[in-house]
Amino acid sequence: MGHNLSNLISMNGAFAECSSLTEIIGFGEIYTPNLAEMKQTFKRCSALTSLDLSGLRPNNPVFSVDGGSQTFGDARLFYGCTSLKTLNMSNYKFHQYFRYQFREATNLQELILDNCDFSLLESFERIFEEMPNVTKISLSNVTFPTNLVDCTCLFRNCSKLTDLTITGKNNVRLKPSDAQYMFYGLKEMTNFDN
């Protein structure tokens with residue numbers, strides 16, 4: 001692709017219901033510095049197997065799927081993406097709160113969130129909870145919020161997760177009550193790099 005779509009503000013439902021779509025080549029190379037909304041962009045792309053969004057906003061990597069009016073959790077960006085196995089969302093700055101966002105991609109195996117900025121989030125509660133087929137999650141060189149107060153059930157029941165990387169630019173200190181069930185149900189973990 002490699003197109004300049006600098007005036008594009010919304011991609012709400014752009015690929016929704018494209019049930020035969022198996023790949024999107026070069027999607028992450030589109031120049032979209034003003035993109036603010038991505039509600040249900042890939043809704044029911046049930047044949048899509050991989051997605052690279054790491055370069056979608058290289059000039060201004062701020063990712064707000066709802067324009068700030070609602071929570072990320074309502075966006076259902078990957079709702080019905082039942083064949084999606086690899087997802088790269090590196091280099092984004094996340095706004096607000098987005099628990100359960102990846103759970104609807106039920107067959108996701110590899111999730112890459114390297115170099116992301118989470119500094120505006122106050123809670124990491126249940127972000128990766130109930131991802132039954134994920135084997136790798138990478139959070140390398142991310143920026144954590146200095147006021148992070150909740151990681152409850154963060155990786156709960158990611159029962160096939162074997163490879164987890166978490167490295168950050170600022171230290172996070174959690175009280176035990178803020179990390180309840182954080183790693184509950186991780187039965188196959190063999191590599192934890194932090």
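The values are calculated or read from the model by the stated rules, or taken from the named source; none is laboratory data. Values in this document were obtained by computation on a predicted structure and should not be read as measured data. Cβ: placed from backbone, ideal geometry, glycine included. Neighbour counts: every protein chain shown. Each accessible area value is taken on the protein alone, full model and side chains, heavy atoms only, with ligands, DNA and RNA left out. Shrake-Rupley method; radii C 1.70, N 1.55, O 1.52, S 1.80 Å.
What pairs can you find where one residue is in the stretch 143-167 and closer than 15 Å to residue 119 by Cα, the other is open to solvent by 30 Å² or more (accessible area, probe 1.4 Å) and at pLDDT 90 or above, and their Cβ atoms are less than 6 Å apart, with a gap of 6+ or different chains?
Between residues of the stretch 143-167 that are closer than 15 Å to residue 119 by Cα and residues that are open to solvent by 30 Å² or more (accessible area, probe 1.4 Å) and at pLDDT 90 or above, the close pairs are 167/140; 167/141.
Would you check if there is a residue in the stretch 40-54 being part of a loop (DSSP other than H, G, I, E, B), touching a helix residue (DSSP H, G or I) at 6+ places or on another chain (Cβ under 7 Å) and modelled with pLDDT under 70?
Taking every residue of the stretch 40-54 in turn, none turns out to be part of a loop (DSSP other than H, G, I, E, B), touching a helix residue (DSSP H, G or I) at 6+ places or on another chain (Cβ under 7 Å) and modelled with pLDDT under 70.
Of all residues being of a type in the set (A, V, I, L, M, F, W, C) and closer than 23 Å to residue 85 by Cβ in the stretch 17-41, which is most open to solvent (accessible area, probe 1.4 Å)? Just the residue, please.
Per the stated criteria, the residue is 25.
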